[in-house]
Structure formats: C-alpha cells, structure tokens
Amino acid sequence: MEQRHLGRTGLRVSRIGLGTLTWGRDTDEHDAAEQLKAFWDAGGTLVDTADVYGGGEAEYVLGRLLDRLVPRQDLVLSTKAGSVPDPDRRTDGSRGHLLAALDDSLARLGTDHVDLWQLHAFDPYTPLEESLQALDIAVRSGRARYAGVANFCGWQLAKAGTWQLAGDRTRLAGAQLEYSLLQRGVEREVLPAALDLGIGLLPSSPLGRGVLTGKYRTGTPSDSRGASETMAPFVEPYLDDPASRIVDAVATAAEGLATTPLEVALAWVRDRPGVTAPIVGARTARQLTAALSVESLSLPDEICRALDDVSAPVHRYPDHDWSTL
C-alpha cells in the first residue's frame, strides 16, 4: 500500500487507515484479529482508536493483538483523548485529564508510546493553550511521537495550528474529521486551514457511515449498522433523498468502471487535495478486504467531476470570493 506523509511532517502512514470504533463492542477479539492481520498483510500501517471506543475496550483489544499478531514497530498507532461519557460535559480538554487519559491508553495498549495522539474534540470550557500544552508534554516526554486534533471546526483548527507554529511547540501533524461524498462540510473552512498550515486530513466515515456502499438502497440489512440499536442513529441522517441521489450516482459510476460503489466512494475521498488517509471501519475482515482492494483504483477525471457536481455542498459568502457573488 502506498505510504504518505502526514501533513508537513516526516511521519509516513498508509493511505488507508484502519478504524476500531466498534472493537470491543460489536467486533470481538477474534474478528478484530482477522481485520488487523488482513490490514497488515495488505501493507496497511495506520491504526486509529480512542480511549472512549467501547469504553476503553477497543484499545484493550488492540493492545492484546500487538506483537502477538502484528509487530508493534510495523504499525502507526493513533489514539485520542478528551471525549468523555458525560451528558453535561461531552469534552474535557484540561491538561490533567488529557495526560491521565494518555497514561491509561498506553496501559491498555501495552506500549510505552503512541505514534499519533489527538485531542478528540474542542473543549469550550478549557483554554485552548492548556489543551495544546498537553500535546507538547506528551511529545517531549516520549509518550507520543506526533500530535493532532479531531473534530475541530475551521477557526478552531486555524487557531490551534497557528498557536503551535508561533512558538517552540509541537506542530500539528493531522486533523481527523468526517469527510465523504455525503459530508463535504470540511471543504468550507477546515480543509483550507489544514492545507495552509501543513496539517494532513484523516477523514473518518469516508463511506458515509456505510451508506455509500449502496447496501441501504433497497432497505436496511439485518446485519448492518443501520439495524444495530447502538449505531442506527449514527446511520439514519444519511438515509434521506439527497443522499439517495448521491448514492445512485456512485452506483452508476461503479457500474461503468466495473467495480463497486464502495471502491468508487473511497477512491474519491482518498485522492482529494489535502487528504492523507481515510480511516475505514469494518464489521468483518471480508468487508475490510473489500475496502483495501481500492488500492489499484484511480478514478477518471470525468467521473470525479460528475461526483463532485452531484454532491456539491452550498458554499456562499464569505467562503467563496466575494467579488463573484
């Protein structure tokens, strides 16, 4: 699998990442092992998790598989901290919480460092410079090799990235946000900020929460996330009429290219400007192998333009040049 630099750093990662959102909850250790082995065999290196996935079980399962199944040094481990299971305060970006969470993550993963550590979300109740200081401490102490953020909007990413560059601080290597043909909001301000600051984009849910595979065109399969009690609310927003038109266009493109809607949708986001590596989460190793087969596919320019047109978000003032409005 092709390797890419994450942002303007020396860190190289596979151009498809493996997500572990469902590990330890909907995906047991046996299925997780099959996924990790298939990913590694395909040349994949970037494995993404978080301290809240499965209540910590995702990190624990991943840690049990390291070295026993795949050499630790062959993987780029990425985890996150800052998201908390508290309905009154969904994020905690305080320095104390973040560093304690990192130590807990390392214990569950069974390693002395992660390759990429990310703030899981912006905390409006903690000064941003305090949250960013935790990243600096983690890198200086060797507990993290590189740092990034997730789910930051445009002004938040621009402020964080600029703050880090303004002093002798850790450069932000990556930003993880949802990005797909069904969710192109990052193109408004996040992606321009990332490109300007040299921050690599790591798209989550690049298959539109599974909808872009076409599996929901005729209903909700009983073994799909849409039929899962925990994941159905996650899928439902992308089952409306505008999304259906985009899914139909992807299916048409796939038919013309003699490939699958999954490969078309994934290739589109993988090769967008500023994107380093989409993070793919699969329920089974078979699903993951299907996604990894996209490595040999590059979409023709005319297909990309057609998909761009059918999924184009509405960007008006001040996102576009005001003189053209």
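The values are calculated or read from the model by the stated rules, or taken from the named source; none is laboratory data. Please read all numbers here as calculations on a predicted model, not as lab measurements. Glycine gets a Cβ as well: all are built from the backbone with ideal geometry, and neighbour counts include every protein chain shown. Please note that ligands, DNA and RNA were not included when accessible areas were found on the heavy atoms of the full protein model with its side chains. Shrake-Rupley method; radii C 1.70, N 1.55, O 1.52, S 1.80 Å.
Here the Kirkwood formula puts the hydrodynamic radius of segment 80-208 at 14.8 Å, using every distinct Cα pair.
Working from Cα pairs under 8 Å separated by at least six residues, relative contact order for segment 21-161 is 21 percent. Each stretch of four or more DSSP H residues adds -39500 (n - 2.57); spread over every residue of the chain, this sum gives -11000 deg cm²/dmol at 222 nm. Of the candidates LEU182, LEU135, LEU307, which one comes out as most mobile in a Gaussian network treatment of the chain with C-alpha springs shorter than 10 Å? Greatest mean-square fluctuation among the candidates belongs to LEU307. The protection proxy used here, the mean number of other Cβ atoms lying within 10 Å of each residue, ranks peptides 189-196, 45-52 as follows, highest first: 45-52, 189-196.
Here, P(r) means the percent of Cα pairs in each 5 Å bin from 0 to the largest distance; for segment 14-110 it is 3, 14, 24, 24, 17, 10, 6, 2, 0.
With protein chains left intact and a 1.4 Å probe, residues in segment 61-170 average 44 Å² of accessible area per residue. Highest mean packing comes first when the peptides 312-318, 255-261, 296-302, 23-29 are listed by Cβ atoms within 10 Å, giving 23-29, 255-261, 296-302, 312-318.
Annotation: average projected area of the chain is 16.7 square nanometres, based on the convex hull of Cα atoms across all directions. Tally up the carbon and sulfur contribution to the accessible surface of the chain as a whole percent, 1.4 Å probe, everything protein left in place. So the carbon and sulfur contribution to the accessible surface is 50 percent. Springs between Cα atoms under 10 Å define the GNM used for the chain, and in it the highest mean-square fluctuation of GLY44, GLY214, GLY200 occurs at GLY214.
Checking every one of the chymotrypsin sites (Phe, Trp or Tyr not before Pro) in segment 44-125 against DSSP loop status and a limit of 16 other Cβ atoms within 10 Å picks out TYR125. In angstrom, the C-alpha Rg and Dmax of segment 171-276 are 14.8, 46. Please sort by residue number the trypsin sites (Lys or Arg not before Pro) in segment 32-112 whose DSSP state is loop and whose Cβ has at most 16 other Cβ atoms within 10 Å. Taking segment 32-112 and a limit of 16 other Cβ atoms within 10 Å, the loop trypsin sites (Lys or Arg not before Pro) found are ARG68, ARG89, ARG90.
Among VAL139, VAL310, VAL275, the largest mean-square fluctuation in a Gaussian network model of the chain (Cα springs under 10 Å) belongs to VAL310. Note on ARG90 and ARG12: with the Förster distance fixed at 41 Å, the Cβ-Cβ geometry gives a FRET efficiency of about 0.80.
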